[in-house]
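Colleague: Sending over a structure as structure tokens; questions will come in a sec.
Every number in this text was worked out from the coordinates using simple rules, so none of it is lab data. Computed from a prediction, not measured in an experiment: that's the story for all the values here. Note that each Cβ is placed from the backbone with ideal geometry, even for glycine, and that neighbours are counted across all protein chains shown.
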Amino acid sequence: MHFQKKPDWHIGEAEATPEEIFLNRRQILMAMGIGAAGSLSGGLLLPSLSRAAQEDPSASLYPVPRNEAYELDRELTPEEVNLRYNNFYEFGSHKEIHKAAQALKTRPWEVRIDGAVEEEKTVAIDDLLKAMPLEERLYRHRCVEAWSMTIPWSGFAMKALLDYSQPTSKAKYVRFETFHDKEMASGQSQFWYPWPYVEGMTMEEAANDLAFMVTGAYGKPLAKQFGAPLRLALPWKYGFKSIKSIRRITFTAERPVSFWEQLAPTEYGFWANVNPDVPHPRWSQATERVLHTGDRVPTLIYNGYGEQVAGLYDEIGKSEKIFY
Ligand code: MTE
């Protein structure tokens, strides 16, 4: 995602993901003994990055049982790599936000559920966690910037959230909103962005088995840079749809306009389904760079999840551009 400041926010992928940052990170990892052959967490996690997850009041809930229906055909990205290469614009418009993101206060944390529901409510994250059936799933993640990773998310099916929220028949979409606090998150002082970060999906998408509410990763509560304490994972869509640090969930008849859609509707549209045949207006989506190996591999339609989700788009595909 590439917006530096108005009016010249359009910069290319190479600039958004500088190769030297990537190479430096690889060199550091190699020096730490974590490369392509690195283990999942290997006990090498730097204390400053792991402490937050250990102190989290939900720590005793993890690890959660793995749902074997969500296996991967490629190796997991080492935790150390994912912890240091993130998009979280609230804490800076570059990949190395992991230190700045430690300013995120994750307790108390309440989630407001409102709009077209039987009864609007506000729930404390720890009460929500107790009410939801937690499981682990291994998912791919494909960023619109053409890099990818794989990750063991913990959390609960969005279907469980729908049951909990009891939307009415007026609900056609779900809108998600992140916190808005520029004292805590310095990136939110960048007034040219339309804060807070917002994302949305249709009710049919939300009810799909793959749609996942994430509360942990690598067998622990979510690290702050991953979007603690609650984020989305929609692995068949480009990563920007997977909103972090969710504070509000609204069921609505109106299609939500997302953060990136407000900035550049022709580049980051509502659907954002991964498709190697539809280039981003400024770069190809045919291949992706695997984060921890640096290898370039072909991108798969719906990021490899076509069997589960292609049917969602049979009807609208005829009338709408469902990629971007
Ligand atoms: N959510 C919020 N609130 N703010 C963000 O900047 N970035 C998005 C998405 N969710 C973003 C966000 C983008 S562009 C991507 S690719 C993923 O988070 C990155 O998730 P990761 O850092 O866990 O890999």
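Colleague: Please list, in chain and number order, the residues 5+ apart from V144 or on another chain whose amide H is under 5 Å from its amide H, with Hs placed from the backbone.
Modeller: Amide H to amide H, under 5 Å and 5 or more residues apart or across chains, V144 pairs with G239, F240.
Colleague: GluC sites (Glu not before Pro), restricted to the range 50-107: which are DSSP loop and have at most 11 other Cβ atoms within 10 Å? Can you show the working numbers first?
Modeller: Numbers: sites: E55, E68, E71, E75, E79, E80, E90, E96; in loops: E68, E71, E75, E96.
The qualifying sites are E68, E71.
Colleague: Between the DSSP loop rule and a limit of at most 14 other Cβ atoms within 10 Å, which chymotrypsin sites (Phe, Trp or Tyr not before Pro) in the range 101-204 are left?
Modeller: Working: sites: W109, Y139, W147, W153, F156, Y164, Y173, F176, F179, F191, W192, Y197; in loops: W109, F179, F191, W192, Y197.
When the chymotrypsin sites (Phe, Trp or Tyr not before Pro) of the range 101-204 are filtered for loop state and at most 14 Cβ neighbours within 10 Å, F191, W192 remain.
Colleague: Next question. Tell me which residues come under 5 Å, amide H to amide H, from R247 once H is placed; ignore anything under 5 positions away on its chain.
Modeller: Amide H to amide H, under 5 Å and 5 or more residues apart or across chains, R247 pairs with E177, T178, F179.
Colleague: Explain nothing, just compute: Karplus ³J(HN,Hα) = 6.51 cos²θ - 1.76 cosθ + 1.60, θ = phi - 60°, for every residue of the range 186-199 in order, whole Hz, x for Gly and Pro.
Modeller: Calculated HN-Hα couplings, in order: 4, x, 6, 7, 6, 5, 7, 8, x, 5, x, 4, 10, 9 Hz.
Colleague: Here is a follow-up. Show me, for the range 71-81, the HN-Hα J-couplings you get by feeding each phi into the Karplus relation (A = 6.51, B = -1.76, C = 1.60, θ = phi - 60°), rounded to Hz, glycine and proline as x.
Modeller: These are the phi-based 3J(HN,Hα) values: 8, 10, 9, 9, 6, 5, 6, x, 4, 4, 6 Hz.
Colleague: Under the 0.36 nm per residue contour assumption, what length would be gained going from the current alpha-carbon distance of R255 and Q166 to full extension? Let's see the in-between values first.
Modeller: Working: separation 89, 0.36 × 89 = 32.04 nm, distance 1.89 nm.
Value of the extension gain: 30.2 nm.
Colleague: Nothing charged except the Cβ atoms of Lys and Arg (+1) and of Asp and Glu (-1): what's the magnitude of the dipole of the range 88-240 about its Cα centre? Round to the nearest 20 debye. Intermediate results must be reported in sequence, preceding the final value.
Modeller: Details: 19 positive and 20 negative charges, 93 e Å.
In total the dipole reaches around 440 debye.
Colleague: On to the next question. Would you mind checking which residues have amide H under 5 Å from W271's amide H? H placed 1.01 Å from N; only 5 or more apart, or other chain.
Modeller: Residues meeting the amide H criterion: Y324.
Colleague: Right, something else. Under the rule a/c < 1.5 gives rounded, and otherwise a/b versus b/c splits prolate from oblate, where does the range 13-318 land using the Cα gyration tensor?
Modeller: rounded
Colleague: Treating only the Cβ atoms of Lys and Arg (+1) and Asp and Glu (-1) as charged, compute the dipole magnitude of the range 13-318 about its Cα centre; round to the nearest 20 debye. Intermediate values should be presented prior to the final figure.
Modeller: Details: 34 positive and 41 negative charges, 111 e Å.
For the range 13-318, the charge dipole is close to 540 debye.
Colleague: Note down the magnitude of the dipole of the range 242-307 about its Cα centre, charges +1 on Lys and Arg C-beta and -1 on Asp and Glu C-beta and zero elsewhere, to the nearest 20 debye.
Modeller: Dipole about the Cα centre, nearest 20: 320 debye.
Colleague: Filter the trypsin sites (Lys or Arg not before Pro) in the range 237-299 down to the DSSP loop ones having no more than 15 other Cβ atoms within 10 Å, then list what survives.
Modeller: When the trypsin sites (Lys or Arg not before Pro) of the range 237-299 are filtered for loop state and at most 15 Cβ neighbours within 10 Å, R282 remain.
Colleague: Using each residue's phi in the range 219-229, evaluate 6.51 cos²θ - 1.76 cosθ + 1.60 at θ = phi - 60° and report the 3J(HN,Hα) Karplus result to the nearest Hz, with x for Gly and Pro.
Modeller: Coupling constants for the range 219-229: x, 9, x, 4, 5, 4, 5, 7, x, 4, x Hz.
Colleague: Okay, moving on. Under a Cβ-Cβ cut-off of 10 Å, what is the net charge of the residues other than A253 that fall near it, where Lys and Arg count +1 and Asp and Glu count -1?
Modeller: Numbers: positive: K170, K172, R255; negative: E254.
Once all neighbours under 10 Å are counted, the net charge is +2.
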